[in-house]
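Heads up, the thing below is written out as structure tokens.
Bear in mind these aren't lab numbers, they're just calculated from the coordinates by the rules spelled out. Predicted model only: the values in this text are computed from it and were never measured. With ideal geometry, Cβ positions are generated from the backbone for all residues, glycine too; neighbour counts draw on all protein chains shown.
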Amino acid sequence: MPKSRIAMRRAQAKGEGSERYQARRDALIAAAAKVFAANGYRAASLDEIASLAEIDRASLYYYVENKKELFYEVVKDYVQQNTDMAEAVLASDKSARGKLEELIGQLLLSYERHYPSLFVFMQEDLAKMSEARSGVGKKLHQTMLRFNEITVEIIESGMESGEFRSDIPANVAAFSVIGMVNWTHRWFKPGGGLTADELGRAFAGIACDGLVSSQQKR
């Protein structure tokens, strides 16, 4: 199917990569993050996003193809960065507890630094989004699954070393930790009562103290 004229113009502008074009596109993505955070992906309207970015609706298509592209542009780089961070933590020479503490702390700092983009990702059920079945959506889903796998691997290593209790499945423990951290999208905002660093230390203590083996407690 041949490309439309606006699609060809968009592809050309992206290829040229002028500073002005990129700045307007970045402003549009930032506006989309705010609207997605406030309304959710499905209820968010392109009219509201364009208005917030001070771009008329017709011009919006010069920068992105549709709402789906905006969603993935809001979240994809930060999700990949967090998984890269988790890979580095896994490969470090820290103890299992040290790795889990580092993972939780760095994840919450990322949520604060990239607010509200990552909270947009957490409030959506990517597995149920039809857009997640192919292309960028599929890659994003795989990246998210890899982060989960790393968390399981860290906890399994702690169980094998005797640092962590082994009477519960590692994946249950991992999903409990991830769920605890990700639920912050419902109530955490930068500049509130707690910083991400303070919250990270508190969550790491809750998670690691709950996982510590009876031998380690002696």
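Considering only segment 1-80, give the helices (runs of 4 or more DSSP H) lying wholly within it that have at least 2 residues that are within 27 Å of ARG146 (Cβ to Cβ) and out of contact with any Pro (no Cβ under 7 Å at 6 or more places or on another chain).
Because the criterion is at least 2 residues that are within 27 Å of ARG146 (Cβ to Cβ) and out of contact with any Pro (no Cβ under 7 Å at 6 or more places or on another chain), the helices (runs of 4 or more DSSP H) in segment 1-80 that meet it are 19-39.
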Subject >> Filter pass, LEU199 being within 24 Å of ALA37 (Cα to Cα) and over 18 Å from the mean Cα position of the chain (by Cα) >> reply: no
Subject >> Residues satisfying the stated conditions in segment 53-63, i.e. surrounded by 21 or more Cβ atoms within 10 Å (Cβ to Cβ) and in contact (Cβ under 8 Å) with a residue 40 or more places away in the chain >> reply: TYR63
Original post:
Counting only residues that are of a type in the set (Ser, Thr, Tyr) and within 20 Å of the chain's Cα centre (by Cα), which one in segment 155-193 is surrounded by the most Cβ atoms within 10 Å (Cβ to Cβ)?
Top reply: THR184
Original post:
Name the residues in segment 40-95 that are among the polar types (S, T, N, Q) and out of contact with any Asp or Glu (no Cβ under 9 Å at 6 or more places or on another chain), would you?
Top reply: SER45, SER51, SER59, ASN66, GLN80, GLN81, ASN82, THR83
**OP:** Scan segment 81-97 for residues that are touching a Leu at 6+ places or on another chain (Cβ under 8 Å) and under 24 Å from GLY40 (Cα atoms) and jot them down.
**Re:** ASN82
Subject >> Any chance ALA23 is under 27 Å from ASP125 (Cα atoms) and of a type in the set (A, V, I, L, M) >> reply: no
**OP:** Scan (1) closer than 30 Å to LEU70 by Cβ; (2) exposed (fewer than 15 other Cβ atoms within 10 Å of the Cβ); (3) hydrophobic (A, V, I, L, M, F, W, C) for the single condition VAL120 breaks and write down its number.
**Re:** (2)
**OP:** Among the candidates ILE29, ILE6, single out the residue that is β-branched (Val, Ile, Thr) and more than 29 Å from GLU112 (Cα to Cα).
**Re:** ILE6
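Determine which member of the set ALA32, ALA7, ALA50, ALA44 is buried (at least 16 other Cβ atoms within 10 Å of the Cβ) and in contact (Cβ under 8 Å) with a residue 24 or more places away in the chain.
Values: ALA7 fails: buried (at least 16 other Cβ atoms within 10 Å of the Cβ); ALA50 fails: in contact (Cβ under 8 Å) with a residue 24 or more places away in the chain; ALA44 fails: in contact (Cβ under 8 Å) with a residue 24 or more places away in the chain.
Residue meeting the stated conditions: ALA32.
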